[in-house]
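The values are calculated or read from the model by the stated rules, or taken from the named source; none is laboratory data. All of these numbers come straight from a predicted model, not from anything done at the bench. Cβ atoms come from the backbone with ideal geometry, glycine included; neighbour counts cover every protein chain shown.
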Amino acid sequence: MAAIKGSHTKPELTVRRALHAEGLRYRLHVKDLPGKPDLVFPKHRAVVFVHGCFWHQHSCHLFKWPATRKEFWEQKIGRNVANDLRAIEKLQSLGWRVAIVWECALKGKTRLNEANAMQTLASWVKSTEESLVIEGI
């Protein structure tokens with residue numbers, strides 16, 4: 001597992017490139033905020049998490065429980081999900097707006113049109129909507 005990247009993943013880089021091209025400027029992995037969001041837009045008081053479907057237990061074709069060490073994986077992934085919920089609640093209580101982009105929206109058989117998905121995300125950042133979830137079809 002040491003080779004598994006926690007940041008600067010392909011889906012995250014895709015989102016970063018698209019939002020930068022839209023003229024949006026952000027900070028990366030701000031340690032002072034709960035959950036260390038992948039992208040932080042202080043000007044818009046918005047944060048974006050780019051979640052891997054396996055590591056954050058998304059109900060899509062990219063998530064499948066491993067066949068071995070079931071108890072270990074259930075605890076590990078369950079902890080990730082609980083940490084996600086706690087971080088989102090804390091961020092919202094601090095006045096931050098939260099968006100989640102799921103990996104299946106950007107890759108796999110359920111992926112969305114990337115340009116449309118990123119335009120939706122960019123519009124959300126500039127809006128005042130409280131939350132947004134972008135996931136595969």
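Out of the stretch 97-120, which residues are surrounded by 14 or more Cβ atoms within 10 Å (Cβ to Cβ), of a type in the set (Lys, Arg) and over 11 Å from Pro11 (Cβ atoms)?
Correct list: Arg97 only.
Give the number of residues within the stretch 33-89 that are among the charged types (D, E, K, R), more than 25 Å from Ser123 (Cα to Cα) and under 17 Å from the mean Cα position of the chain (by Cα). Explain how you work it out, then say what you get.
From the stretch 33-89, those among the charged types (D, E, K, R) are 36, 38, 43, 45, 64, 69-71, 74, 76, 79, 84, 86, 89; that's our starting set.
Filter once more, keeping what is more than 25 Å from Ser123 (Cα to Cα): 64, 69-71, 74, 76, 79, 86.
Then drop every residue that is not under 17 Å from the mean Cα position of the chain (by Cα), which leaves 79, 86.
Of the residues in that region, 2 qualify.
Taking Gly136 as meeting all but one of (1) surrounded by 15 or more Cβ atoms within 10 Å (Cβ to Cβ); (2) modelled with pLDDT of 95 or more, write down the number of the exception.
(2)
Report whether or not Val40 is at negative phi, touching a strand residue (DSSP E or B) at 6+ places or on another chain (Cβ under 7 Å) and without any contact (Cβ under 8 Å) to a residue 40 or more places away in the chain. Working first, answer last.
On the way: at negative phi: yes; touching a strand residue (DSSP E or B) at 6+ places or on another chain (Cβ under 7 Å): yes; without any contact (Cβ under 8 Å) to a residue 40 or more places away in the chain: yes.
Against the criterion (at negative phi, touching a strand residue (DSSP E or B) at 6+ places or on another chain (Cβ under 7 Å) and without any contact (Cβ under 8 Å) to a residue 40 or more places away in the chain), Val40 qualifies.
So in the stretch 96-127, with the set limited to residues that are in contact (Cβ under 8 Å) with a residue 12 or more places away in the chain and of a type in the set (Ser, Thr, Tyr), which one is farthest from Val50 (Cα to Cα)?
This residue is Thr110.
Quick one: Gly136 ticks every box in (1) over 15 Å from the mean Cα position of the chain (by Cα); (2) within 23 Å of Leu19 (Cα to Cα) except a single one, so which number is it?
Gly136 satisfies all of (1) over 15 Å from the mean Cα position of the chain (by Cα); (2) within 23 Å of Leu19 (Cα to Cα) except (1).
Among the residues of the stretch 118-125, is any touching a Ser or Thr at 6+ places or on another chain (Cβ under 6 Å) and under 16 Å from Pro37 (Cβ atoms)? Spell out how you get there, then give the answer.
Residues of the stretch 118-125 that are touching a Ser or Thr at 6+ places or on another chain (Cβ under 6 Å), as a first pass: none.
No - not one qualifying residue is present in the stretch 118-125.
Checking Ser7 against (1) of a type in the set (Gly, Ala, Ser); (2) buried (at least 19 other Cβ atoms within 10 Å of the Cβ); (3) in contact with a Leu (Cβ under 8 Å, 6 or more places away or on another chain): exactly one of these is not met. Which one?
Just one mismatch for Ser7, condition (2).
I need a count of the residues in the stretch 83-134 that are among the small types (Gly, Ala, Ser) and in contact with a Gly (Cβ under 6 Å, 6 or more places away or on another chain).
Just the residues of the stretch 83-134 that are among the small types (Gly, Ala, Ser), to begin with: 87, 93, 95, 99, 105, 108, 115, 117, 122-123, 127, 131.
So of that shortlist, the ones also in contact with a Gly (Cβ under 6 Å, 6 or more places away or on another chain) come out as 87, 105.
Adding up the residues that qualify gives 2.
Show the residue pairs that are 6+ apart or on different chains and have beta-carbon atoms under 6 Å apart, the first residue being within the stretch 8-23 and modelled with pLDDT of 95 or more, the second being surrounded by 19 or more Cβ atoms within 10 Å (Cβ to Cβ) and in a helix (DSSP H, G or I).
Ala18/Met118
Kindly list, by first and then second residue, each pair from a residue in the stretch 25-36 that is closer than 14 Å to Leu85 by Cα and touching a residue at least 24 places away in the same chain (Cβ under 8 Å) to a residue that is surrounded by 13 or more Cβ atoms within 10 Å (Cβ to Cβ) and among the charged types (D, E, K, R), limited to pairs with Cβ atoms under 6 Å and residues at least 6 apart or on different chains.
Going by the 6 Å Cβ cut-off, the qualifying pairs are Pro34/Lys90.
Give the residues of the stretch 42-62 that are over 15 Å from Val101 (Cα atoms) and surrounded by 16 or more Cβ atoms within 10 Å (Cβ to Cβ), sorted by residue number.
First pass over the stretch 42-62, keeping only residues over 15 Å from Val101 (Cα atoms): 42-45, 61.
If the condition is that a residue be over 15 Å from Val101 (Cα atoms) and surrounded by 16 or more Cβ atoms within 10 Å (Cβ to Cβ), then His44 is the only one that fits.
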